[in-house]
Amino acid sequence: MGYRDDKTWPDRKPSALGRPLGRGDSLVDSGTRRSPFVSNRGAALAFMEGALEGWPLHQLVTWIDQCLIRPGCLMTRYPFPRIFINEPDVGVISYGPPSTSDAPSTFLPHAKATELIRWSRKKVAAALEGMLRASPDDRFVQAALYDGRVSRTTGRNGQRGWNVMLTEEHSLSEQILALFAADLLDHREDYEQHLVVCESCEVIDFWPERLSRRGCPAHPQAVVSGSVRRITLSR
């Protein structure tokens, strides 16, 4: 059996009702609930920024609670705060009161959380970078649709949008990419025109006034011309 926030799951709004947010929007504030009008983009960018800053495990768990569990995006095996976080090539972290059936040796020590978070972010950034190419690569969107992490929904008012539906079997990077995929399906032009992946500081942002899609507001002229360094997936 999976657990979810029963107050939010039945009435969850499709992502089309959420407003696109930038990096300045704060989502992970202790003691607050994620607003139903906070977009999937805002939640995903909050993770990307926090991971870049070096989030420890407790901050990731707070983000998962407020941005995935409470809005009804993530079904867990046990009631929160018991959760599992996994990333292939790194391992699985178990957080919260342990179960008598757990084998502690199968889980990563909590000190490895930052490594798992950093690797997840790198995989997400590499997927998003595909949208910067002359022929945008949106295979992460197709993957999210194919395995059911993102699905079409119709709200009570008849407005159509996209729902994110996740389980703990999905890796952390797959969860983040599902949020971006649902947002892209509603705002494709933003991803094809305004998405930036800064080569200088690794920031992911949406910047209509950009000089380069490889720069950011802090490094506006990064790679305006010349060779481009691709994100490579090596640990």
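The values are calculated or read from the model by the stated rules, or taken from the named source; none is laboratory data. Please read all numbers here as calculations on a predicted model, not as lab measurements. Ideal geometry is used to build each Cβ from the backbone, glycine not excepted, and the neighbour counts take in all protein chains shown.
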Filtering the range 57-87 down to residues that are of a type in the set (A, V, I, L, M, F, W, C) and closer than 20 Å to residue 118 by Cα yields 57, 60, 61, 63, 64, 67, 68, 83, 84, 85
Of the residues in the range 200-214, those that are in contact with a His (Cβ under 8 Å, 6 or more places away or on another chain) and either farther than 16 Å from residue 118 by Cα or of a type in the set (Gly, Ala, Ser) (or both) come to 200, 206, 207, 208, 210
The range 152-216: strands (runs of 3 or more DSSP E) wholly inside it with 1 or more residues that are within 22 Å of residue 69 (Cα to Cα) are 160-164
Across (1) surrounded by 14 or more Cβ atoms within 10 Å (Cβ to Cβ); (2) farther than 18 Å from residue 45 by Cβ; (3) modelled with pLDDT of 90 or more, residue 169 clears everything bar (1)
Cβ pairs under 7 Å, 6+ apart or interchain, first in the range 40-58 and outside any helix (DSSP H, G or I), second of a type outside the set (Val, Ile, Thr), ordered by first then second residue, are 56/113
Checked the range 127-162 for anything without any contact (Cβ under 8 Å) to a residue 12 or more places away in the chain and closer than 19 Å to residue 191 by Cα; matches are 130, 133, 134, 135, 137, 142
In the set 132, 145, 177, 185, the lone residue that is in contact with a helix residue (DSSP H, G or I) (Cβ under 7 Å, 6 or more places away or on another chain), aliphatic (A, V, I, L, M) and surrounded by fewer than 21 Cβ atoms within 10 Å (Cβ to Cβ) is 185
Checked the range 70-99 for anything of a type in the set (A, V, I, L, M, F, W, C) and in contact (Cβ under 8 Å) with a residue 24 or more places away in the chain; matches are 73, 74, 75, 80, 83, 84, 85, 90, 93
Residue check: is residue 145 more than 25 Å from residue 117 (Cβ to Cβ) and aliphatic (A, V, I, L, M)? yes
